[in-house]
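Single-structure report; data block below.
The values are calculated or read from the model by the stated rules, or taken from the named source; none is laboratory data. Predicted model, so just to flag it, every value in this text is computed and none were measured. Cβ coordinates were reconstructed from backbone atoms using ideal geometry, including for glycine residues, and neighbour counts include every protein chain displayed.
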Amino acid sequence: MMEGDPAARPGQLDAFPYAYGLGIVNLIVFAWLFLRSPQHRWPVATMLTGLMVARMLYLLEAAQAPQSNLPIDVPRSRSST
């Protein structure tokens, strides 16, 4: 393996089950809080949405999904002053 190869890092394979285990615990706690506390439903929904979006973005990045070639920089308009 090459020196910069991500698969060569020690302990990396142990980190994935740990991270997903924490994610499952997180989902269980959020579900319990959502069902038990009406005043916390909007914050829980917001945090769950953020959690799912982050996981989906990581999955797309790991799968090397096709990316857009559109430029991110938008030129500023010139003012006529």
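Using the structure shown, decide if LEU48 is surrounded by 12 or more Cβ atoms within 10 Å (Cβ to Cβ) and either of a type outside the set (Asp, Glu) or at pLDDT 85 or above (or both).
Working: surrounded by 12 or more Cβ atoms within 10 Å (Cβ to Cβ): yes; either of a type outside the set (Asp, Glu) or at pLDDT 85 or above (or both): yes.
Considered against the rule, which asks whether it is surrounded by 12 or more Cβ atoms within 10 Å (Cβ to Cβ) and either of a type outside the set (Asp, Glu) or at pLDDT 85 or above (or both), LEU48 comes out as yes.
Is it true that some residue in segment 51-70 is out of contact with any Lys or Arg (no Cβ under 8 Å at 6 or more places or on another chain), modelled with pLDDT under 85 and basic (Lys, Arg)?
yes
ALA19 - would you say it is free of Cβ contacts under 8 Å to residues at least 24 places away in the same chain, surrounded by fewer than 10 Cβ atoms within 10 Å (Cβ to Cβ) and under 14 Å from the mean Cα position of the chain (by Cα)?
Details: free of Cβ contacts under 8 Å to residues at least 24 places away in the same chain: yes; surrounded by fewer than 10 Cβ atoms within 10 Å (Cβ to Cβ): no; under 14 Å from the mean Cα position of the chain (by Cα): yes.
No: the conditions fail for ALA19.
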